[in-house]
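One structure is given here, and the rest of the page talks about it.
The values are calculated or read from the model by the stated rules, or taken from the named source; none is laboratory data. Because the structure is predicted, anything quoted here is derived from the model rather than measured. Here the Cβ is made from the backbone with ideal geometry for all residues, glycine too, and neighbour counts use every protein chain on show.
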Ligand SMILES: [Zn+2]
């Protein structure tokens, strides 16, 4: 990778020197502990009724004790495009990861032209742990560990199409930094799937929809339970100042099993009337993962739950839109998507809880955007916002925002 800004070489030198730096600082105040949980495509339209029914007790608790709202995203949002925007707080055209495929090649970290959050944190002596975050393959050196996520390449992966290689099946780059950690994970966590299962094709579904849907959902459950085990293992055995973990199955399920009846563009009762519980169940599953992560959250921990975009039923000129079925898969009959030209049609979600963050506060409109995540996190570690970053520190989520937070 070649970052546009100078200082990468310096960053890497400092990265190597980080343990020394940390030792010299050993009498300084401990660094804030921050955990970010990404839930791809998390959609308020589906969360709200589940919250009202009391089916998401852990998320409800975080919302009650925190600040929440929509998260403004970029145009035509998809995971690599938005995550790289969050990592760098720069525009897709600036950081270079504009979509699943860039210049005919599947998006990867070598394309990143702006310096990402893990580099800034590492060179400032903050320990970093990242697991299953989209668009982090091949992994990059950090002051901690990194395990890649969505768009990791492996056996049977075609360019630009999502697949789910096991850790041992990854090809074309390193999925784990440091490399020595791979054997440890295989031994203690197992040979887990690194991303959510790809969606079945139209051909695989035709004629045996109920069985194909059930089998796919079973695999999704397995992948979620493996991820929960991985996250718990990392938070227990490799605690870091900053941790970012991500789940992807919610988005994938929403694309083709979004429960919309009786009719919507794309509605096919043979598929969409079979398991109307499938998509809501993903969030109930997520709430269980959240419960396991909350065991690692104390009153001094900042917790952010984010989605890169939401997901909405097909509604805009889909019959003639070549992108309608192209979010992740070639022929899956989709009923919902997020790749709308206007990103404001499909905002992500934002929930934050921690020391000094306002309780039970809803952000109205688009106060928070994907550009603001990195500046806000850097700020919590006392790191000044680099000039190229386009977001702002989310002072509005803090009590005492005036003096304490607005330093830039
Ligand atoms: Zn998607």
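Suppose the filter is within 16 Å of the ligand (Cβ to nearest atom), modelled with pLDDT of 95 or more and either touching a helix residue (DSSP H, G or I) at 6+ places or on another chain (Cβ under 7 Å) or closer than 18 Å to residue 351 by Cβ (or both); does residue 286 pass it? Spelling it out, residue 286 is indeed within 16 Å of the ligand (Cβ to nearest atom), modelled with pLDDT of 95 or more and either touching a helix residue (DSSP H, G or I) at 6+ places or on another chain (Cβ under 7 Å) or closer than 18 Å to residue 351 by Cβ (or both).
Here is the figure for the range 45-63: residues that are within 16 Å of the ligand (Cβ to nearest atom) and surrounded by fewer than 17 Cβ atoms within 10 Å (Cβ to Cβ) total 1. When you check residue 266 against the structure, is it crowded, with 16+ Cβ neighbours inside 10 Å, on the phi > 0 side of the Ramachandran plot and touching a residue at least 40 places away in the same chain (Cβ under 8 Å), yes or no? Here the answer is yes, as residue 266 does meet what is asked.
With respect to residue 215, is the statement that it is under 19 Å from residue 136 (Cβ atoms) and either part of a helix (DSSP H, G or I) or over 18 Å from the mean Cα position of the chain (by Cα) (or both) true? Break it down into steps so the answer makes sense when it comes.
On the way: under 19 Å from residue 136 (Cβ atoms): no; either part of a helix (DSSP H, G or I) or over 18 Å from the mean Cα position of the chain (by Cα) (or both): yes.
Answer is no for this residue.
In the set (1) farther than 30 Å from residue 176 by Cβ; (2) in a loop (DSSP other than H, G, I, E, B), the condition left unmet by residue 240 is number (1). A single entry from 220, 274 fulfils the requirement of being surrounded by fewer than 20 Cβ atoms within 10 Å (Cβ to Cβ), in contact with a helix residue (DSSP H, G or I) (Cβ under 7 Å, 6 or more places away or on another chain) and within 22 Å of residue 50 (Cα to Cα): 274.
Scan the range 236-264 for residues that are out of contact with any helix residue (DSSP H, G or I) (no Cβ under 7 Å at 6 or more places or on another chain) and modelled with pLDDT of 95 or more and the total you get is 8. Applying the criterion of being more than 16 Å from the ligand (Cβ to nearest atom) and not in a helix (DSSP H, G or I) to the residues of the range 342-352, the residue that is surrounded by the fewest Cβ atoms within 10 Å (Cβ to Cβ) is 342.
Here is a check on your reading of the model: is residue 176 in contact (Cβ under 8 Å) with a residue 12 or more places away in the chain and within 20 Å of residue 247 (Cα to Cα)? Criteria met by residue 176. A single member of 76, 135, 107, 164 is touching a residue at least 60 places away in the same chain (Cβ under 8 Å) and over 17 Å from residue 386 (Cα atoms), and it is 76. The set of residues from the range 28-63 being part of a strand (DSSP E or B) and in contact with a helix residue (DSSP H, G or I) (Cβ under 7 Å, 6 or more places away or on another chain) comprises 34, 35, 37, 39.
For the range 109-130, the criterion of being within 16 Å of the ligand (Cβ to nearest atom) and out of contact with any strand residue (DSSP E or B) (no Cβ under 9 Å at 6 or more places or on another chain) is satisfied by no residue at all. Output the residues belonging to the range 308-341 that are in a loop (DSSP other than H, G, I, E, B) and modelled with pLDDT of 90 or more. Hits for the range 308-341 are 308, 309, 310, 311, 338.
Scan the range 249-282 for residues that are out of contact with any strand residue (DSSP E or B) (no Cβ under 7 Å at 6 or more places or on another chain), within 16 Å of the ligand (Cβ to nearest atom) and outside any helix (DSSP H, G or I) and jot them down. Passing the criteria: only 266. Of the residues that make up the range 358-371, is at least one in contact (Cβ under 8 Å) with a residue 60 or more places away in the chain and part of a helix (DSSP H, G or I)? Yes - at least one qualifying residue is present in the range 358-371. Applying the condition of being away from the ligand (no atom under 16 Å from the Cβ) and not in a loop (DSSP other than H, G, I, E, B) to the range 64-91 and asking which residue is surrounded by the most Cβ atoms within 10 Å (Cβ to Cβ) yields 88.
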